[in-house]
1. Any idea what the alpha-carbon Rg over 2.2 N^0.38 Å comes to for segment 88-160?
2. Under a crude label model (7 Å from the Cα following the beta-carbon direction), how far is Lys44 from Leu145 in nanometres?
3. Report the Cα-based extents of segment 36-79 along its three principal axes, largest first, to the nearest Å.
4. Tally Lys and Arg at +1 and Asp and Glu at -1 over the other residues with C-beta under 13 Å from the C-beta of Thr72: what net charge comes out?
5. Could you tell me the relative contact order of segment 38-156? Use alpha-carbon pairs under 8 Å, at least six residues apart, and round to a whole percent.
6. Compute the label zone of Lys56 within segment 91-132: residues whose backbone N is under 16 Å from the point 7 Å along Cα-to-Cβ.
Amino acid sequence: MRKLLLLSLLVAAPATFVLASAALGTSSSRDSTRATGVRISTRKLPKLGVVLVNAKGRTLYMFVPDKRSKVTCVKTCAAVWPPVKLASGTKAAAAGQAKASLLGSDRNPSGGRVVTYNGWPLYTYVADTAAGQAKGQALNLNGGLWYVLSPAGKLIKTKL
């Protein structure tokens, strides 16, 4: 009986090690996904050039009243211009021509954090219903002007 128990332990130990290693690997990959929850990329748009977009190719905007790093578009404004939210414990990743060094985040008065680029909190626009649209460009709406940003973090003020 003792030999059988010892044999069972010797057979089970490597299997347990493999399962534990696999679980750790899964956890590790889950942690790295969690570390980069939002991807900011770029796309070339007619008349505007290369602008910032989210992972779905939706155009990203900045709001002049935010005055860099202070989210002011909340409540009704945020319903029209949803902020690019950052889940707790995550950070944004740069892709395309976007620069990781210009990415950051700011506290959202409505709770949580909002992704920033060159200090500007980033938003999408509900009227942009497909990738590649920029219907919010140079609009004076919800208390201020809205512009797209270049990969260098500069406002593009071209009117469409």
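Readers should treat all values here as calculations from the given coordinates under stated rules, not as data from a laboratory. From a predicted model like this one, the values you see are computed outputs, not experimental measurements. No Cβ is skipped: glycine too gets one built from the backbone with ideal geometry, and neighbour counts run over all protein chains shown.
1. Working: Rg = 13.1 Å, N = 73, 2.2 N^0.38 = 11.2 Å.
Cα Rg divided by the expected 2.2 N^0.38 Å: 1.17.
2. 2.7 nm
3. In descending order, the Cα extents are 29, 29, 20 Å.
4. Working: positive: Lys67, Arg68, Lys70, Lys75, Arg107; negative: Asp66, Asp106.
Cβ neighbours under 13 Å give a net charge of +3.
5. Details: 275 pairs, mean separation 39.9, N = 119.
Value for segment 38-156: 34 percent.
6. 123-132
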